[in-house]
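**Q** Supplied in structure tokens, the structure appears directly below.
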Amino acid sequence: MMAKIVKGAGAKGIVDYILDREKGASLIDHDGVLVSDNSSIARSLIAQSRLNPNVEKFIGHISLSFSKEDLPRLTDELMVQISREYMMKMGIRDTQYIIGRHHDKEHPHVHIAFNRIDNNGKTISDKNDRYRSERVCKELTRKYGLYFAEGKEQVNTNRLKEPDRTKYELYSLLKTEVGRCGNWDRLVANLRKQGVEVRFKYKGRTDEIQGVVFGKNGYSFNGSKIDRQFSYSKITATLNRNSREERQAQSRREGISLFPGGGGDFISGSPGLLDLTPSSCAETPEEAEFRRLMQRKRKKKKNKGFRI
């Protein structure tokens, strides 16, 4: 379950969109509005907005989308129940609303239009609504046993419109490049080759970086808006981890290269016992140093005992 939140002032346009017959739309729930036709619904919303004329964008528009895997069980009644609970958890109470279900896409979805001016003339807060909405969607997805898509990889990008299409394109590019780069210079260079602009945000007039912005196709997004894992601090942590792992792998490769023949030429004896006596062949400096280290290690083991 996912939600998309929009705010607007044109009641008639939003109502016409939600109840568009070409989208196979049907009005499945409403409260506080006259529903004889689209115009009467819009007039009802406009009339109540005059209780608080200082709020210009008085129409809230939310689309709730569900996975196509949930289609068999998502009856109109269940979608109304989930939509009402979503609105309650979001603080959308005591106000006019309509809920329309669309049948123009393969995944089930509904559109909610509500008056941000409630029945008492008070404004319904939209503070941090997108963050709150994300939390509520996860709660309801778990409560109703809905399909939980694993990440953004499940999104059908062919159906996306701008700027969401570019945002998911950036998500895909970052997912690949952040995972294989070990520093910011390499990451920025790789992204620029693919048409991505990278800009850093600084704290005041200092050189301290506190954020990063990625741009493509004329659209720009903060890293954390693309996905939380792409905030500046989290990308930096990932790049540092990649660099550490690469250094460790390089050290292992260099260690193995000391024994081009697998070490069998000068390591012999019973299991667990190393005979590091030099062979008749001349030792390389690396081999000699390795032998000395192992001999010291054996002496320490012999001298190890209980101390009183």
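**Q** Go through 178, 188, 110 for me and flag whichever is at pLDDT 95 or above and assigned by TED's automatic domain parsing to the domain that holds residue 214.
**A** Of 178, 188, 110, the one residue that is at pLDDT 95 or above and assigned by TED's automatic domain parsing to the domain that holds residue 214 is 188.
**Q** Turning to a different aspect of this structure: Quick one: which helices (runs of 4 or more DSSP H) lie wholly within the range 1-117 and hold at least 1 residues that are among the acidic types (Asp, Glu)?
**A** It comes to 11-18, 76-89.
**Q** Given the criteria surrounded by fewer than 16 Cβ atoms within 10 Å (Cβ to Cβ), in contact (Cβ under 8 Å) with a residue 12 or more places away in the chain and in the same structural domain as residue 126 (by TED's automatic domain parsing), does residue 15 qualify?
**A** On the way: surrounded by fewer than 16 Cβ atoms within 10 Å (Cβ to Cβ): no; in contact (Cβ under 8 Å) with a residue 12 or more places away in the chain: yes; in the same structural domain as residue 126 (by TED's automatic domain parsing): yes.
It is false that residue 15 is surrounded by fewer than 16 Cβ atoms within 10 Å (Cβ to Cβ), in contact (Cβ under 8 Å) with a residue 12 or more places away in the chain and in the same structural domain as residue 126 (by TED's automatic domain parsing).
**Q** Which one of these is closer than 24 Å to residue 59 by Cα and among the charged types (D, E, K, R): 73, 93?
**A** 93
The values are calculated or read from the model by the stated rules, or taken from the named source; none is laboratory data. The shown structure was predicted, so the numbers you read here are calculated from the model rather than taken from an experiment. Note: ideal-geometry Cβ built from the backbone for every residue, glycine included; neighbour counts use all protein chains shown.
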